[in-house]
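Please read the structure below before turning to the comments.
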Amino acid sequence: MQSSTEEKKYLQISAFGNVLVGGVGVVFAMMSGSQAILLDGLFNLTYFGTGLFTIKVASLVAGGDDERFPHGYAFFEPLVNGMKGMLVLGVSIMALVGALQALFTGGRAIVAGTAVAYGVMASVACWVIAALTYRGGKTTGSPLVQADGENWIVNAAISSCVLLAFAAIFLFEALGLNQVVPYVDPAVVLSVILISIVVPVRMSWNAMMALLNRAPTEDVVRQVAQAVDTVLGGLPLIERFIRVIQPGRQRMVLVHVVLPDDFQVQGLQRLDEIRERMSAKLCEDHMATIVDVLFTADRQWGAPLSDGGAGGVT
């Protein structure tokens, strides 16, 4: 419960920061005529809109499964992160088109002083919120907070770069390079997109892979296999098949244990003890782990289809 409360607190901090920086960005964009500031504002407002869903999803995941969703709400986490990535990617593409048009049509005039003022405010706010959410992601272990923390670090770095670029306008004017000034804003937009585009692309790709039930990293699978083998060490094991997926924070492990035909079951309590020890062992490495352990004498119920089994793909 405490972890859920902490997660919600950091998500609310992130959402408040998004609407604050986004709203101020739109206002300063109208005052300065800067598309770079408008892009920054739209980024933050997009994150705020998805942030409202994020807070709701965090509550659903913490509540566990129910009759409508018998496997819980774990898959909602990558779904929200995927939506967030796609929305930001869409905004980036539209801004990219506008920046290229401006670069090829003489640039865009802006009010440099107003743009610099926004850069200072946005940089300070973004770095403060980035520090808070990044630490929150580490302490809570929440993929939702971790995603927000990464976004805020990128956001803060971009705001700092934007500030330096707008401050350079005064240097260009002092050096008599006034013909360069109109190209600063579209150049900043283009640079921001090139720097940040990897974040929504990676976020969307990882979310899609999680929704498609792709196995986690090899290190995670190896870690799970070692824990399972440790618990099964005392059994006359013929084979074991392990399937691991991790949508969001929830790690789901399915273990098929193939035993000899003449294996004597010393009561169901004995099998439940094995399940309990395996769950405890797996939770040592990853607290949010759900494990199902199935015992059989016929390997077809656990083997992947590609190996002649009746089960799903490992």
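The values are calculated or read from the model by the stated rules, or taken from the named source; none is laboratory data. Predicted model, so just to flag it, every value in this text is computed and none were measured. Neighbour counts run over all protein chains shown; Cβ positions are idealised from the backbone, glycine included.
Here are a few things to note about the model shown:
- Close contacts from the stretch 86-105, counting a first residue that is over 25 Å from ASN151 (Cα atoms) and touching a residue at least 12 places away in the same chain (Cβ under 8 Å) and a second that is in a helix (DSSP H, G or I) and not polar (S, T, N, Q), with Cβ to Cβ under 6 Å and a gap of 6+ residues or different chains, come to ALA102/PRO186; LEU103/PRO186.
- Any hit, the stretch 206-216, residues being more than 18 Å from the chain's Cα centre (by Cα) and either basic (Lys, Arg) or in a helix (DSSP H, G or I) (or both): no
- Top-ranked residue in the stretch 45-85 [being touching a residue at least 24 places away in the same chain (Cβ under 8 Å) and either among the charged types (D, E, K, R) or not assigned by TED's automatic domain parsing to the domain that holds CYS126 (or both); ranked as farthest from PHE16 (Cα to Cα)]: GLU77
- Residue match in the stretch 232-247 (condition: surrounded by 15 or more Cβ atoms within 10 Å (Cβ to Cβ), in contact with an Asp or Glu (Cβ under 8 Å, 6 or more places away or on another chain) and at pLDDT below 90): yes
- Pair list, Cβ under 9 Å, 6 or more apart: the stretch 13-42 residue at positive phi, other residue part of a helix (DSSP H, G or I): GLY33/THR114; GLY33/ALA115; GLY33/ASP185
- Listed by first and then second residue, the pairs with beta-carbon distance under 6 Å, at least 6 apart or on different chains, first residue in the stretch 234-255 and on the phi > 0 side of the Ramachandran plot, second in a loop (DSSP other than H, G, I, E, B), are GLY248/ALA74.
- Residue within the stretch 88-97 that is within 24 Å of ILE195 (Cα to Cα), more than 25 Å from the chain's Cα centre (by Cα) and surrounded by fewer than 17 Cβ atoms within 10 Å (Cβ to Cβ) present: yes
- For the stretch 6-21, the tally of residues that are farther than 15 Å from SER123 by Cβ and touching a helix residue (DSSP H, G or I) at 6+ places or on another chain (Cβ under 7 Å) stands at 11.
- Every listed requirement among (1) buried (at least 20 other Cβ atoms within 10 Å of the Cβ); (2) farther than 23 Å from VAL128 by Cα; (3) modelled with pLDDT under 85 is met by ASN81 save one, (2).
- Positions within the stretch 217-236 being more than 18 Å from PRO247 (Cα to Cα) and in a helix (DSSP H, G or I), in sequence order: ALA225, GLN226, ALA227, VAL228, ASP229, THR230, VAL231, LEU232, GLY233, GLY234
- Only one entry in GLN146, GLN226, GLN246 is within 30 Å of THR5 (Cβ to Cβ) and assigned by TED's automatic domain parsing to the domain that holds GLU273, namely GLN246.
- Of all residues making up the stretch 281-293, the number that are farther than 14 Å from GLN223 by Cα and loosely packed, with under 15 Cβ neighbours inside 10 Å: 1
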